[in-house]
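*Asks:* Okay, here's the structure, questions in a sec.
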Amino acid sequence: MAINQQVAEALEEQINKEFYSAYLYLTFADYYEERGLKGFANWYEIQAKEEMDHGMAIRRYLLDNDYKPVMKAIDQPHVEFSSDLEPLEAGLAHEEYVTSLIHHCYEVAHSVHDIRAMQMLDYFVKEQGEEEANARDMISNMKLFGCDPKGLYDLDREYRGRVYTQMTALPL
């Protein structure tokens, strides 16, 4: 059974949004790199890789369902920060936005009874819950501990320890 055109188009758009997320998170990493906070930069570099993984997984899903996605231009992120907290807050806002996009894809799949797409999207619904929780934790940690140099140093060291784990295949 061929994939529904509306579902395919929503997922195709999601690929673009996931790649944009990677671009955005690299701008966060660059901000922290310039500040000498290599741990925070590491955190967002890994976030960027995860977003690329997500886009690639959705692309693979479309290809496996006989739909050739069209790669569209990726918007350039336009962000400037004046404090170390601002990228974290922007990260949470962005994750909440991505959650709304995933929910939209799910709603489209549900509206045409595409159970297979809904099952694939279940992974992303769960992932977004984790992403939002991580973003909220980072904000809380910065507010609690990042206000003095020693606390900021400790947080930076903690985030430096994050290791990238490549996404496994989506459950289908």
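*Asks:* Just a yes or no: is a residue in region 46-64 farther than 30 Å from residue 116 by Cβ, under 12 Å from the mean Cα position of the chain (by Cα) and either in a helix (DSSP H, G or I) or of a type in the set (Phe, Trp, Tyr) (or both)?
*Replies:* Checking region 46-64: not a single residue is farther than 30 Å from residue 116 by Cβ, under 12 Å from the mean Cα position of the chain (by Cα) and either in a helix (DSSP H, G or I) or of a type in the set (Phe, Trp, Tyr) (or both).
*Asks:* Please find, within region 1-26, the residue that is farthest from residue 113 (Cα to Cα) out of those that are outside any helix (DSSP H, G or I) and touching a residue at least 60 places away in the same chain (Cβ under 8 Å).
*Replies:* Step by step, filter region 1-26, then rank; the result is 2.
*Asks:* Go through (1) surrounded by fewer than 15 Cβ atoms within 10 Å (Cβ to Cβ); (2) within 14 Å of the chain's Cα centre (by Cα) and name the single condition residue 101 misses.
*Replies:* That leaves (1) as the condition not met.
*Asks:* Filter region 33-59 down to the residues that are crowded, with 21+ Cβ neighbours inside 10 Å and β-branched (Val, Ile, Thr) and list them by number.
*Replies:* Result: 58, single match.
*Asks:* Look at region 124-172 and say how many of its residues are within 14 Å of residue 96 (Cβ to Cβ) and basic (Lys, Arg).
*Replies:* Summing the residues that are within 14 Å of residue 96 (Cβ to Cβ) and basic (Lys, Arg) in region 124-172 gives 1.
*Asks:* Are there any pairs with C-beta distances below 6 angstrom linking a residue in region 45-58 that is over 18 Å from residue 126 (Cβ atoms) to a residue that is modelled with pLDDT under 95 and of a type outside the set (A, V, I, L, M, F, W, C), with the two at least 6 apart or on different chains, and if so which?
*Replies:* Once the first residue is over 18 Å from residue 126 (Cβ atoms) and sits in region 45-58, its partners that are modelled with pLDDT under 95 and of a type outside the set (A, V, I, L, M, F, W, C) give 46/162; 46/164; 49/164.
*Asks:* When you check residue 76 against the structure, is it within 24 Å of residue 28 (Cα to Cα), in contact (Cβ under 8 Å) with a residue 12 or more places away in the chain, exposed (fewer than 13 other Cβ atoms within 10 Å of the Cβ) and polar (S, T, N, Q), yes or no?
*Replies:* Judged against the criteria, residue 76 is a match.
The values are calculated or read from the model by the stated rules, or taken from the named source; none is laboratory data. As the structure is a computational prediction, the values presented were derived from the model and not from experiment. Don't worry about glycine lacking a Cβ; one is built from the backbone with ideal geometry, like all the others, and counts go over all protein chains shown.
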